[in-house]
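Trainee: Sharing a structure, written as structure tokens. Questions coming.
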């Protein structure tokens, strides 16, 4: 990957394609004004010359003013303001990132988890705090609220089974108790600092 980036700079591709390249490890995005197709064709050709290859399943062309694209767990492109309906270009946690977190939370709250509640809660909070520490940029409200709702429902079901309740535990473990007395971290509204910020204080 470093060879490709050096070649890109050596050939002056930023100027030639009116483009800027953003990379992290083996992932990269080329942001081009009007010459995206040419930049992609050049990239494929040079990658082959260098003995590298693009992951075609992840390689797409997007008009970022009209379509979203995912990169490093974020979704970039057009968003709509929740209250005013105004469209704007921004970033938010991608749907895949939210689903991956839900999968990890689901594993902690499996019915066969017989750990003490403080232990279960701490594992949940560690996952939530770590995820929110990374996803702390852009439009966060929809993703945070979706995760809060999922966590509350899963905790209610988990504790209802543990206490052998005849229902899903909504009455015994309401929202305010899950995120209050039971000590589960609530993402929205945000009332905590990411791990890095806390360590710096």
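The values are calculated or read from the model by the stated rules, or taken from the named source; none is laboratory data. Here the structure is a predicted model, which means the values were calculated and not measured. Neighbour counts run over all protein chains shown; Cβ positions are idealised from the backbone, glycine included.
Trainee: Report the residue count in the range 84-125 for those that are touching a strand residue (DSSP E or B) at 6+ places or on another chain (Cβ under 8 Å) and either closer than 29 Å to residue 160 by Cα or touching a residue at least 60 places away in the same chain (Cβ under 8 Å) (or both). Walk me through it before giving the result.
Mentor: Residues of the range 84-125 that are touching a strand residue (DSSP E or B) at 6+ places or on another chain (Cβ under 8 Å), as a first pass: 86-97.
Right, trim to either closer than 29 Å to residue 160 by Cα or touching a residue at least 60 places away in the same chain (Cβ under 8 Å) (or both) and you get 95-97.
The qualifying residues number 3.
Trainee: Right, another one. Under the condition of being touching a helix residue (DSSP H, G or I) at 6+ places or on another chain (Cβ under 9 Å) and at pLDDT 95 or above, which residue from the range 74-93 is surrounded by the fewest Cβ atoms within 10 Å (Cβ to Cβ)?
Mentor: Among them, the one singled out is 74.
Trainee: Return the only residue of 57, 38 being in a helix (DSSP H, G or I) and not assigned by TED's automatic domain parsing to the domain that holds residue 162. Walk me through it before giving the result.
Mentor: Numbers: 57 fails: in a helix (DSSP H, G or I).
Step by step, each of 57, 38 is checked, and only 38 is in a helix (DSSP H, G or I) and not assigned by TED's automatic domain parsing to the domain that holds residue 162.
Trainee: If you check residue 123 against the conditions, is it under 24 Å from residue 180 (Cα atoms), at pLDDT 95 or above and part of a loop (DSSP other than H, G, I, E, B)? Write out each step before concluding.
Mentor: Values: under 24 Å from residue 180 (Cα atoms): yes; at pLDDT 95 or above: yes; part of a loop (DSSP other than H, G, I, E, B): no.
When the stated conditions are applied, residue 123 does not pass them.
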